Amino acid sequence: MNSGEVRSLTKSLEAAKEKAALLDFDVTITETLKMTVRVKAADQLEAEMIVTDAWNDSKYILDADNFVGADFDAVPVERERALGSKGKEDLVR
């Protein structure tokens, strides 16, 4: 295959990629914030309850300084759902 044929094939592949339908994805972003709090308690359960109650009372506010990571989970959207209210008969058109 000569260089002209390679260029032609490359252009054809690029054109085919541009024409290909893009798929819809729902991407869920989950950010994780983390803080360690030291408390005195009789046991682990009590320690967790003390901190849970304090957190519910807004005594611990986690913000960007407590950021430890993010996860991204992409799930393909079903074609029928992506088209919204169109009926199944519209899928074949």
Restricting attention to segment 1-34, and to residues there that are more than 29 Å from ALA74 (Cβ to Cβ) and hydrophobic (A, V, I, L, M, F, W, C), which single residue is surrounded by the fewest Cβ atoms within 10 Å (Cβ to Cβ)?
MET1
Quick count over segment 35-54, residues being surrounded by fewer than 10 Cβ atoms within 10 Å (Cβ to Cβ) and charged (D, E, K, R), is 3
At pLDDT 95 or above, surrounded by 11 or more Cβ atoms within 10 Å (Cβ to Cβ) and under 30 Å from ASP24 (Cβ atoms): which single residue out of PHE72, PHE67 fits that description?
PHE67
Near pairs, Cβ below 7 angstrom, 6+ apart or cross-chain, from segment 27-39 (closer than 17 Å to ASP63 by Cβ) to any residue that is among the polar types (S, T, N, Q)
LEU33/ASN66; LYS34/ASN66; MET35/ASN66
Could you tell me which of the residues GLU89, GLU48 is in a helix (DSSP H, G or I), among the acidic types (Asp, Glu) and at pLDDT below 85?
GLU89
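The values are calculated or read from the model by the stated rules, or taken from the named source; none is laboratory data. Predicted model, so just to flag it, every value in this text is computed and none were measured. Heads up, the Cβs are rebuilt from the backbone with ideal geometry, glycines too, and the neighbour counts pull from every protein chain shown.
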